[in-house]
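Below: the structure, in structure tokens.
The values are calculated or read from the model by the stated rules, or taken from the named source; none is laboratory data. Just so it is clear, the model here is predicted, and its values are computed rather than measured. Cβ coordinates were reconstructed from backbone atoms using ideal geometry, including for glycine residues, and neighbour counts include every protein chain displayed.
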Amino acid sequence: MTERVKVLFDETRLQERVAQMGAQITSACRGQDLVLVVVLKGSFVFAADLARRIDLPLTVDFLGLRSYGDGTETSGVVQITSDLSRSIEGRDVIVVEDIVDTGLTMAYLLDNLRTRRPRSLRVAALLHKPARTRIVVPIDWLGFTVDDVFVVGYGLDHAERYRNLPYIGVLEPGPSATTGTSGAVGS
Ligand code: IMP
């Protein structure tokens, strides 16, 4: 089967927005003991760009999550597959997440992190799909809202593919192409 990826946010737009988010975090978090908690795998590209736009001392840690569902839908049952390497007690945590869809994953994660007694706990999410919200979670810094479509690229995958696209696009069935601004990929 071939698939096309229709560009939703191109590289320039992503970089501009991530720079704005970094500047906002920089002015809001001065003097704090910042740790970015990066949710793997989908957030690795966003986190790498965001971290370089935050002009403050900080550390970075990673947390692997697996949520169970039918492929494009989470069930809200979440397992930590790889935990943080250090304690976050007393620290100012910013969870860096690629996308908040139903909110179930983030709700679980925030509950879990809260038990570790950080001084503060905030969320920077690149994307949010408000139409699919099942649990409202606080998002302190948000990149873009998206409609109820399945997006890939810039870290986000479908069956582990497309994470390396430099833009975010919508996966659509159709003939593949190899070049062009449509961003078509596939095999
Ligand atoms: P939630 O628990 O429904 O909010 O889902 C959160 C997780 O589902 C995200 O961290 C992503 O890994 C995945 N996810 C949700 N929507 C998409 C999408 O459109 N593209 C790729 N992954 C998605």
**Complete:** Checked V93, V45, V60, V37 against criteria (of a type in the set (V, I, T), closer than 19 Å to Y162 by Cα and at pLDDT 95 or above); the one match is V45
**Request:** Those residues that are buried (at least 19 other Cβ atoms within 10 Å of the Cβ) and of a type in the set (S, T, N, Q), I need them from the range 122-163; list them, please.
**Result:** none
**Message:** Based on this model, can you work out whether Y108 counts as surrounded by 15 or more Cβ atoms within 10 Å (Cβ to Cβ), among the aromatic types (F, W, Y) and modelled with pLDDT of 95 or more?
**Reply:** no
**Request:** Tally the residues that are farther than 19 Å from G143 by Cα and β-branched (V, I, T), restricting the search to the range 81-123.
**Result:** 3
**Message:** Tally up the residues in the range 84-105 that are surrounded by 17 or more Cβ atoms within 10 Å (Cβ to Cβ) and either polar (S, T, N, Q) or not in a loop (DSSP other than H, G, I, E, B) (or both), please.
**Reply:** 12
**Test: V60 is in a strand (DSSP E or B), away from the ligand (no atom under 16 Å from the Cβ), buried (at least 17 other Cβ atoms within 10 Å of the Cβ) and of a type in the set (A, V, I, L, M)** = no
**Close pairs (6 angstrom Cβ cut-off, 6 or more residues apart or separate chains): farther than 13 Å from V152 by Cα in the range 39-51, among the acidic types (D, E) anywhere** = V39/E97
**Prompt:** Residue check: is T81 part of a loop (DSSP other than H, G, I, E, B) and at pLDDT below 95?
**Reply:** no
**Asked** Here is a list of conditions, (1) at pLDDT 95 or above; (2) not in a loop (DSSP other than H, G, I, E, B), and R117 meets all of them except one; can you say which number that is?
**Response** (2)
**Prompt:** Looking at the range 121-143, which of the residues that are more than 10 Å from the ligand (Cβ to nearest atom) and assigned to a helix (DSSP H, G or I) is nearest to the chain's Cα centre (by Cα)?
**Reply:** P130
